[in-house]
Amino acid sequence: MARKKILVVDDSPTSLLWQQLILRSEPFDVITATDGDEGVRVAQAEQPDLVLLDVVMPRMNGFDACRAMRSDPGLRDIPIFLVTTRSEMNNVTAGYESGCTEFVTKPIDKVELLAKIHSYLPGGGAA
Amino acid sequence: MTAPLDVDTPIADLSRRLAAAERENDELLKLVVAARQLGESTTTRAALAAIRDIIVTVIGSEDFAIYVVEPDGAIRWVSGMGCFGAVSRHFKLEEGPLGKAVAARSVYVAEEMQAGLDHLDGWPFAAAVPFVLGDRLLGAFAIFRTLPHREPLTMRADGEVLRLVGVQAAAALAIGDLLARDTSPDLVTA
């Protein structure tokens, strides 16, 4: 079975590193992008199995990137998790309206993140 | 008659040990991420950016300020975020909870925050972390509020990562300052 591929989109080098270290403790292939615009292009090219998408980013924020991915027929059904420091209801509502599947708040909790990922990618990435 | 076998206790013990190991793993992850980000900073600008990033992403605050300590003992604001942290405000060593914590060169966490017992001249105040390298006191950061969805800061849960950031930030700032001052071609091209 092929390993699952996860795209992490975040303009924060610290957050990117953290998520990469979490995901590489499991058998996932991790690809990255550093803004929403690049994230959409990489998602279209790589067709990941799941996307972790930061909200506040330059050039294109996470909400707009999520909408752009959802409008692409090839990406319409992949799980997209919005990763944000903001847990307020208006932020959550905006996220779901943009088409996200799940919310993850920063600082990211490793156990919570992996549990949510496994609920959408059963069987993980084990070869 | 033989005694009944106890199979539940060992399983419960193993579950507790697994949970404890996962919590420790989480803490180690924070330390590794913070250390690597600061260790890779070679300019003052990069060091300050890394400190900001770590406070938001690893510690969990969007209301903080970063200060440098001047030779005359003034604690001068250089960067910050949030409705309190973005305000350019200066303090003095030995004065108030921030000045005292920085002068003591040790991490301070206002664990009575929830009861509103700690403040900085009317501002909320959650923690102060001095940047100490050997006998040099270079600066500090103060956290005014943590993100609303995270647990309040405590020394027990957060002390180690705060201490590490303080030391690594001091080293990163010192290196940035050193490289900025030394413009010899050999060092620049090395």
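Where a number appears in this text, it was derived from the coordinates with a stated rule and is not lab data. All values reported here derive from a predicted model rather than from experimental measurement. Neighbour counts are summed over all protein chains in view; Cβ atoms, including those assigned to glycine, are modelled from backbone coordinates with ideal geometry.
Take chain B, connect every pair of alpha-carbon atoms lying under 10 Å apart with a spring to form a Gaussian network, then pick out the residue of B:Ala140, B:Ala34, B:Ala20 with the largest mean-square fluctuation.
Highest fluctuation among the options: B:Ala20.
At 222 nm, what helix-only mean residue ellipticity would chain A give, in deg cm²/dmol to the nearest 500, using -39500 (n - 2.57) for each DSSP H run of four or more?
Details: 5 runs with 52 residues, N = 127.
The per-residue figure over chain A is -12000 deg cm²/dmol.
When DSSP assigns beta bridges and you keep just the ones with both residues in chain A, what percent turn out antiparallel, to the nearest 5?
So the antiparallel bridges in chain A amount to around 0 percent.
Can you report the principal axis dimensions of region B:59-107 using only the alpha carbons, biggest first, rounded to whole angstrom?
27, 20, 15
Taking chain B as a Gaussian network, where each spring joins two C-alpha atoms under 10 Å apart, which residue of B:Val107, B:Val32, B:Val161 fluctuates the most?
B:Val32
Would you be so kind as to identify which of B:Ala12, B:Phe64, B:Ser79 lies farthest towards the positive end of the dipole of chain B, taking Lys and Arg as +1 and Asp and Glu as -1 on Cβ and the Cα centre as origin?
The listed residue farthest towards the positive side: B:Ser79.
For B:Ser88 and B:Asp6, what does the FRET efficiency come to when R0 = 51 Å and r is the distance between their Cβ atoms, rounded to the nearest 0.05?
Once the sixth-power term is evaluated, E becomes 0.20.
State to the nearest 20 debye the size of the charge dipole of chain B about its Cα centre, where the only charges are +1 on K and R beta carbons and -1 on D and E beta carbons.
Taking the Cα centre of chain B as origin, the dipole is about 380 debye.
To check my understanding: the extent here is largest minus smallest coordinate of the Cα atoms along each principal axis. What are those three numbers for the protein assembly as shown, in Å, largest first?
70, 64, 46
Please identify the DSSP H helices in chain B that span no less than 18 Å along the helix axis (Cα) and have a mean Kyte-Doolittle hydropathy of -0.5 or more.
B:8-39, B:155-181
Only four residue types carry charge here, +1 at the Cβ of Lys and Arg and -1 at the Cβ of Asp and Glu. Report the dipole size of the protein assembly as shown about the Cα centre in Debye, rounded to the nearest 20. Write down the numbers at each step before the final one.
Details: 31 positive and 44 negative charges, 50 e Å.
With Lys and Arg at +1 and Asp and Glu at -1, about 240 debye.
Over chain B, with a Gaussian network built from C-alpha contacts below 10 Å, which listed residue (B:Asp177, B:Asp53, B:Asp135) shows the highest mean-square fluctuation?
Among B:Asp177, B:Asp53, B:Asp135, the largest GNM mean-square fluctuation belongs to B:Asp135.
If you take the Cα atoms of region A:1-101, find Rg, then find the Kirkwood Rh from the mean of 1/r over all pairs, what is Rg/Rh?
0.94
Distance check, please: which entries in A:Lys4/A:Lys110; A:Lys106/B:Lys92; A:Lys4/B:Lys30; A:Lys106/B:Lys100 exceed 23 angstrom between their Cα atoms? Don't skip to the answer; put the middle values down first.
Numbers: A:Lys4/A:Lys110 18 Å; A:Lys106/B:Lys92 33 Å; A:Lys4/B:Lys30 25 Å; A:Lys106/B:Lys100 30 Å.
With Cα atoms farther than 23 Å apart: A:Lys106/B:Lys92; A:Lys4/B:Lys30; A:Lys106/B:Lys100.
What is the gain in length, in nm to one decimal, between A:Val92 and A:Gln44 on full extension, counting 0.36 nm per residue of separation less the C-alpha to C-alpha distance?
Extending this stretch completely gives an extra 14.8 nm.
Quickly work out the B:Leu178-to-B:Leu14 label distance, labels modelled 7 Å from Cα along the C-beta direction, and quote it in nm with one decimal.
5.0 nm
Let me spell out the model: positive unit charges on the Cβ of Lys and Arg, negative unit charges on the Cβ of Asp and Glu, origin at the Cα centre of region A:1-122. What dipole size does that give, in debye rounded to 20?
Around 200 debye, computed over region A:1-122.
How many percent of DSSP beta bridges within the protein assembly as shown run antiparallel, rounded to 5?
60 percent
Using all Cα-Cα distances in region B:15-161, what percent lands in each 5 angstrom bin from 0 up to the longest?
Per 5 Å bin, starting at zero, the Cα-Cα P(r) for region B:15-161 comes out as 2, 9, 18, 23, 21, 14, 7, 3, 2, 0, 0 percent.
A:Arg76 versus A:Ala2, label points 7 Å from Cα toward the beta carbon: distance in nm?
2.1 nm
Taking beta carbons within 10 Å but only from partner chains, what does the mean come to for residues B:36-47? Walk me through the numbers before you get to the answer.
Values: counts 5, 5, 1, 0, 2, 0, 0, 0, 0, 0, 1, 0.
Going residue by residue through B:36-47 and averaging, the value is 1.
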